[in-house]
Amino acid sequence: MPKENNKKKELKKDKALAENTVEELKKERDEYLEGWKRAKADLINYKNEETARSKEMIRFAEEGIIRDMIAVLDSFDLCISSLDKEKESFTKGIRMIRTQIEDVFKKRGLEKIDTPTGKPFNPSFHEAISVIDSDKPAGEVIEEVEKGYLWNGKVLRPVRVVVAK
């Protein structure tokens, strides 16, 4: 019987060792699974950050082009204002081209800042290039000298105005 008791003890030892090994393996499996989940979440976050960064870079590149093209719009306006009435068809053609350029900009998020005279000066949207004595209330916009533009809600170029003193 002592041999049988030894075998039973040995079996109990082996069973306990096997259970300990199984528990250790389960813990190791859970650690690996948690690490994998964290790595997967980190990868998803990284992809999202890179997508946002790429979009911002594209936006930054577009901003430079749009800034340069605003000068072209200004030139069109100057040209249109200096044309004679006799050349009405030519004037109409230039206005159509200008409208097409404006439409392209609108699709890209550019919009003109509307500043009618008589409104109060707003430093968020206006740049005062001159302050003159006037019978109007102080701080009122008297004249718009150069158009201003918003691009995706951000002031790309402020409206340049003359303000009453």
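Observations on the model:
- Gap separating the Cα centres of region 56-79 and region 130-158, nearest whole Å: 20 Å
- Ordered by the number of other Cβ atoms lying within 10 Å of each residue's own Cβ, fewest first, Val159, Val72 fall into the sequence Val72, Val159.
- Global form of region 78-165, assessed from the alpha-carbon gyration tensor, a/c cut-off 1.5: oblate
- Footprinting exposure proxy for Val145, Val161 (fewest neighbouring C-beta atoms within 10 Å first): Val145, Val161
- Using all pairs of distinct alpha-carbon atoms, the Kirkwood hydrodynamic radius of the chain works out to 22.6 angstrom.
- 12 Å beta-carbon shell around Glu23, net charge (K/R +1, D/E -1): -1
- One decimal place: the segment Glu56-Thr99 gains 12.7 nm when fully extended, by the rule 0.36 nm per residue minus the C-alpha distance.
- Within-13-Å neighbourhood charge of Asp103 [Cβ basis; K, R +1; D, E -1]: +4
- Summing Cβ point charges (Lys, Arg +1; Asp, Glu -1) relative to the Cα centre of region 44-165 gives a dipole of roughly 420 debye.
- Computed lengthening from Glu146 to Tyr46, 0.36 nm per intervening residue step minus Cα-Cα distance: 31.7 nm
- DSSP-loop trypsin sites (Lys or Arg not before Pro) across region 13-120, with at most 16 other Cβ within 10 angstrom: Arg108
- When the pairs Lys119/Lys154; Lys87/Lys107; Lys106/Lys154; Lys107/Lys154; Lys112/Lys165 are compared against a 24 Å limit on Cα-Cα distance, Lys87/Lys107; Lys112/Lys165 fall above it.
- Each label point was placed 7 Å from the Cα along the Cα-to-Cβ direction; for Asp77 and Ala18 their separation is 8.8 nm.
- Only Cα pairs under 8 Å and 6+ residues apart enter the sum, and on that basis the relative contact order of the chain stands at 16 percent.
- Aspartates and glutamates whose Cα lies under 15 Å from that of Lys47, excluding same-chain neighbours fewer than 8 positions away: Glu56
- Each helix, a run of at least 4 DSSP H residues, gives -39500 (n - 2.57); summed and divided by the residues of the chain, these come to -23000 deg cm²/dmol at 222 nm.
Since every read-out is calculated from the coordinates, none of them should be taken as a lab result. From a predicted model like this one, the values you see are computed outputs, not experimental measurements. Methodologically, a virtual Cβ is constructed for each residue, glycine included, from the backbone with ideal geometry; neighbour enumeration extends over all protein chains shown.
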